[in-house]
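What follows is calculated from the coordinates using simple rules that are stated; it is not laboratory data. Just so we're clear, the structure is a prediction, and the values are computed from it rather than from any experiment. So basically every Cβ, Gly included, is an ideal-geometry build from the backbone, and we count neighbours across all protein chains shown.
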Amino acid sequence: MVGDDLSAVSTGLGTRFIGRKIIYNHRLPSTMAVARREVRRGAAEGTVIIADEQTAGRGRIERRWLSPRGSISLSVILYPDIAHLPSLIMVASLAVVHCIRAVTGLQPQLKWPNDVLINGKKVCGILIESGVRGGAVEYAVIGIGINVNLRAAELSGFSATSLSDELGRNVSRLGLVRRLLVEIERLYLSLPGGDDVYREWRDSLLTLGRRVQARLGETEYQGTAESVDQDGSLLLRSPDGSRHRIPAGDVTLHD
Ligand code: BTN
């Protein structure tokens, strides 16, 4: 398909540092593993690892992530200030929403903490890995997997979708990746300037106001998702009136 060769991502990208160096491979076990290796080698901030296909894609909470041909799998290496580490989830989620909206006209929604849905089905997963030592961030890697030109029902049944499923036509992966990198850089650079990213993320969350079931380690909480904190935690009100702060985990929406 025209515009589908991801080796051309950095040409004329126009970003300051995200995607100035791209490591592109047709097939990899996981872009996260390559990103960690590149961090150990002293990779520059903004280095991006992209694969057309992953054979051992990693999801959150030790899950597998299927990334066949037609998907986008990429990891971005960052060295943020510790104060901005919790915001990376917000930067990544909003960047995906903006990029899908701009390139396809579809209206994605966010499910806390970092799933991107279209019409209630998951189209993108985001994984953030980081190393912190002595109160400083050693590295952070944003991993993003988007179902683009593939039949999602063949991947994960009815809970997943792809952009081509939604549109009935294929979409340029090159156009999506380029817009995604531009959006990541813009949002990331805006972090020191205030809480706009947090506010937009909070206001985009489908989860708020809904009855949810949230898991924190072995414990399960039920209640209403009242809000999210600046650090990304979900604030959940149980039927007995008690309030719980859920730092990260899995949420099932009811209603
Ligand atoms: C999830 O929803 O569980 C998160 C999925 C994250 C998948 C992406 S694809 C690019 C990067 N490489 C991986 O192995 N995982 C992330």
Handout entry: Charge dipole magnitude, Cβ of K and R +1, D and E -1 - the chain, Cα centre, debye nearest 20
Key = 480
Completion exercise
Summed over the other residues with a beta carbon less than 12 angstrom from that of GLN54, with K and R at +1 and D and E at -1, the charge totals +2
Handout entry: Value of relative contact order over region 3-109, rounded to a whole percent, pairs C-alpha under 8 Å and six or more apart
Key = 21
Practice task
For region 56-128, calculate the relative contact order in percent as a whole number, restricting contacts to Cα pairs under 8 Å that are 6 or more residues apart.
Solution key: 23
Fill in the blank from the handout: The alpha-carbon pair-distance distribution computed for the chain, with 5 angstrom bins and whole-percent values, is 1, 6, 14, 18, 20, 18, 13, 7, 3, 1, 0, 0
Problem - Relative contact order, percent, the chain [alpha-carbon distance under 8 Å, six or more residues apart] - result: 17
Practice task
With a length cut of 15 Å (Cα positions projected on each helix's long axis) and a Kyte-Doolittle mean of at least 1.0, go through the chain and give me the DSSP H helices that pass.
Solution key: 88-104
Handout entry: Peptide ranges 228-235, 109-116, 87-94 listed from the most packed, as the mean C-beta count within 10 angstrom indicates
Key = 87-94, 109-116, 228-235
Practice task
Work out the FRET efficiency for ASP196 and SER227 from their Cβ-Cβ distance, taking R0 = 22 Å, and round it to the nearest 0.05.
Solution key: 0.85
